[in-house]
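Data block below; observations after.
The values are calculated or read from the model by the stated rules, or taken from the named source; none is laboratory data. On a predicted model such as this, the values are computed, not experimentally measured, just so you know. Note that we place each Cβ from the backbone using ideal geometry, even for glycine, and neighbour counts take in every protein chain shown.
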């Protein structure tokens with residue numbers, strides 16, 4: 001079994017995160033000509049903010065205290081703000097270089113303008129993350145689709161990352177929006193729960209409001225493993241979602257297969273193909289696979305509608321680029337052979353409650369013959 005060494009990765013990420021803070025602090029000091037104690041205090045404050053984030057994440061996992069929720073939220077917001085700020089400041093430095101060569105550069109107005117642009121981007125990013133995602137209509141045609149499946153609608157909820165009360169309220173609003181569309185099937189494609197959520201009666205009541213003629217099914221995401229597989233399984237069962245882990249269920253004329261999280265469970269291509277062979281029976285099959293990988297292997301095993309998430313479409317630009325490098329099936333509808341694959345940007349957020357150039361969505365997939 002392949003093993004992963006998280007400590008070196010964590011140290012690299014932490015060093016990068018601290019570096020971003022120091023760069024942003026230096027940009028502010030240089031752009032506004034700060035000196036002496038003011039400059040030193042600003043750099044110290046940014047360094048403290050950088051170290052506060054991993055401490056808060058550790059505290060949340062250990063305590064999960066809802067009384068500290070405002071603190072956690074503020075720190076996560078700052079994480080998104082500093083990432084966007086570093087990118088905007090970098091672009092600003094490049095533009096300033098060009099303006100200096102052209103003789104049009106004025107330091108103070110330029111710095112003030114940069115902060116105005118940054119403020120607008122942050123405001124838009126917060127709105128994009130906190131709003132109830134719109135339904136995204138996706139029509140998918142299949143050759144030889146059984147007549148009884150013509151026009152069948154599947155609503156997909158992915159990557160909610162429930163770890164705070166405001167996200168639970170958002171889920172309630174999402175369910176109301178889905179119910180209004182009257183889907184035949186509702187599926188959750190992973191990362192529903194995260195450390196911090198209480199899987200109690202309130203969440204059960206909210207999930208119990210889902211109206212779906214053919215039932216409600218779910219597959220594991222990597223964060224269910226972090227939450228604890230046993231706890232996650234109990235939570236799904238408690239709130240009324242049938243969790244499929246390398247298993248299948250019949251939903252009327254459909255067969256639904258759910259995979260474990262491929263990377264976290266260290267599944268190989270052969271493991272995925274074995275699951276597909278085990279449950280292949282001639283029915284039209286919907287495959288729930290949190291991570292958008294092994295798509296060509298899946299397509300070679302038969303004709304499937306595959307629903308995935310995980311990528312968040314990058315969530316905060318320019319992370320789109322890095323996400324695409326790891327996941328070539330990054331966002332949207334893909335066709336390979338007779339199979340169709342849809343990778344959603346997700347309905348929620350992980351970490352910073354911000355989305356920039358990666359809007360959230362609730363895919364409503366309609367099956368068509370053709």
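Just one of the listed residues (74, 49, 96, 56) is closer than 17 Å to residue 166 by Cβ, part of a helix (DSSP H, G or I), assigned by TED's automatic domain parsing to the domain that holds residue 18 and in contact with a helix residue (DSSP H, G or I) (Cβ under 7 Å, 6 or more places away or on another chain), namely 56. With respect to residue 245, is the statement that it is in the same structural domain as residue 157 (by TED's automatic domain parsing) and under 16 Å from residue 290 (Cα atoms) true? Considered against the rule, which asks whether it is in the same structural domain as residue 157 (by TED's automatic domain parsing) and under 16 Å from residue 290 (Cα atoms), residue 245 comes out as yes. Being under 24 Å from the mean Cα position of the chain (by Cα) and at pLDDT below 95 holds for only one residue in 228, 302, and it is 228.
Within the stretch 120-144, the set of residues being part of a loop (DSSP other than H, G, I, E, B) and loosely packed, with under 15 Cβ neighbours inside 10 Å comprises 131, 134, 143, 144. Among the residues of the stretch 102-114, not a single one is in contact with a strand residue (DSSP E or B) (Cβ under 6 Å, 6 or more places away or on another chain) and either crowded, with 16+ Cβ neighbours inside 10 Å or not assigned by TED's automatic domain parsing to the domain that holds residue 227 (or both). Taken over the stretch 164-193, the residue count meeting the criterion of being part of a loop (DSSP other than H, G, I, E, B), in contact with a strand residue (DSSP E or B) (Cβ under 8 Å, 6 or more places away or on another chain) and surrounded by fewer than 23 Cβ atoms within 10 Å (Cβ to Cβ) is 2.
In the stretch 324-336 there is at least one residue matching the filter, namely being surrounded by 15 or more Cβ atoms within 10 Å (Cβ to Cβ) and within 20 Å of residue 129 (Cα to Cα). Exactly one residue among 88, 117 is out of contact with any strand residue (DSSP E or B) (no Cβ under 8 Å at 6 or more places or on another chain), assigned by TED's automatic domain parsing to the domain that holds residue 18, under 25 Å from residue 321 (Cβ atoms) and crowded, with 16+ Cβ neighbours inside 10 Å, and that residue is 88.
Residues in the stretch 177-191 that are without any contact (Cβ under 8 Å) to a residue 60 or more places away in the chain and touching a helix residue (DSSP H, G or I) at 6+ places or on another chain (Cβ under 7 Å): 186 only. Take the conditions touching a residue at least 24 places away in the same chain (Cβ under 8 Å), assigned to a helix (DSSP H, G or I), over 18 Å from residue 309 (Cα atoms) and in the same structural domain as residue 310 (by TED's automatic domain parsing) and apply them to residue 231. Does it pass? Yes: the conditions hold for residue 231. Assessment of the stretch 209-224 against the conditions (in the same structural domain as residue 159 (by TED's automatic domain parsing), surrounded by fewer than 22 Cβ atoms within 10 Å (Cβ to Cβ), within 25 Å of residue 69 (Cβ to Cβ) and in contact with a helix residue (DSSP H, G or I) (Cβ under 7 Å, 6 or more places away or on another chain)) yields at least one matching residue.
Listed by first and then second residue, the pairs linking a residue in the stretch 239-251 that is on the phi > 0 side of the Ramachandran plot to a residue that is in a strand (DSSP E or B), with Cβ atoms under 9 Å apart and 6 or more places separating them unless they lie on different chains, are 240/216; 246/257; 246/258.
Consider the stretch 337-352 and keep the residues that are surrounded by 23 or more Cβ atoms within 10 Å (Cβ to Cβ) and out of contact with any strand residue (DSSP E or B) (no Cβ under 8 Å at 6 or more places or on another chain). The one that is farthest from residue 156 (Cα to Cα) is 349.
State yes or no: is residue 107 more than 30 Å from residue 239 (Cα to Cα) and touching a helix residue (DSSP H, G or I) at 6+ places or on another chain (Cβ under 7 Å)?
On the way: more than 30 Å from residue 239 (Cα to Cα): yes; touching a helix residue (DSSP H, G or I) at 6+ places or on another chain (Cβ under 7 Å): yes.
Here the answer is yes, as residue 107 does meet what is asked.
Scanning the stretch 146-160 for residues that are buried (at least 24 other Cβ atoms within 10 Å of the Cβ) and out of contact with any strand residue (DSSP E or B) (no Cβ under 6 Å at 6 or more places or on another chain) returns 159, 160.
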